[in-house]
Amino acid sequence: MQKYNESHLSKINQLLALSEKKSVYLIFLLTPRQTPDSYAELLPLFRQMNKYHKIQLADTRQYADFYDPEASFDRNHLDGSGSVLFSKRLARKMKKLLREAAKSNPSSLKK
């Protein structure tokens with residue numbers, strides 16, 4: 001397993017602490033269609049992050065339709081139909097994540 005960038009993780013944790021102080025619920029998103037170099041840097045870092053502050057929509061086995069040429073504008077971008085699909089999936093994942101986070105720590109989600 002590749003080593004994560006400790007400096008980046010430290011900065012992410014600082015951002016999480018700051019956002020909590022300001023009553024902002026911060027969520028990091030791992031998006032589809034990144035370059036292999038981007039994934040090589042992001043995945044080890046993403047694995048270290050708190051599960052209540054991250055959403056992953058990049059796994060080709062889970063989200064093969066994000067990589068379908070019919071949903072593509074170009075190699076790295078979704079087209080209109082792909083972006084609708086992505087938005088719907090993201091909304092469901094966010095709703096689930098926020099529900100789970102509220103159960104785990106109700107004070108983390110202030111209204």
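Values in this text are rule-based calculations from the coordinates and carry no lab data. Since we're looking at a predicted model, the values are computed, not measured. So basically every Cβ, Gly included, is an ideal-geometry build from the backbone, and we count neighbours across all protein chains shown.
The table below gives the values:
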{"quantity": "Charge context of ASN13, other residues only, Cβ under 12 angstrom, K/R +1, D/E -1", "calculated": "-1"}
{"quantity": "Cα Rg, Dmax (largest Cα-Cα span) when computed across the range 1-64, Å", "calculated": "12.6, 38"}
{"quantity": "Those trypsin sites (Lys or Arg not before Pro) in the range 1-79 that DSSP places in a loop and that have at most 16 other beta carbons within 10 Å", "calculated": "LYS3, LYS22, ARG61, ARG75"}
{"quantity": "Size-normalised alpha-carbon gyration radius of the chain, reference 2.2 N^0.38 Å", "calculated": "1.17"}
{"quantity": "Cα centroid separation, the range 39-79 to the range 7-27 (Å)", "calculated": "22"}
{"quantity": "Extension reserve of the LEU15-GLU41 stretch, reckoned as 0.36 nm per residue once the Cα distance is removed", "calculated": "7.5 nm"}
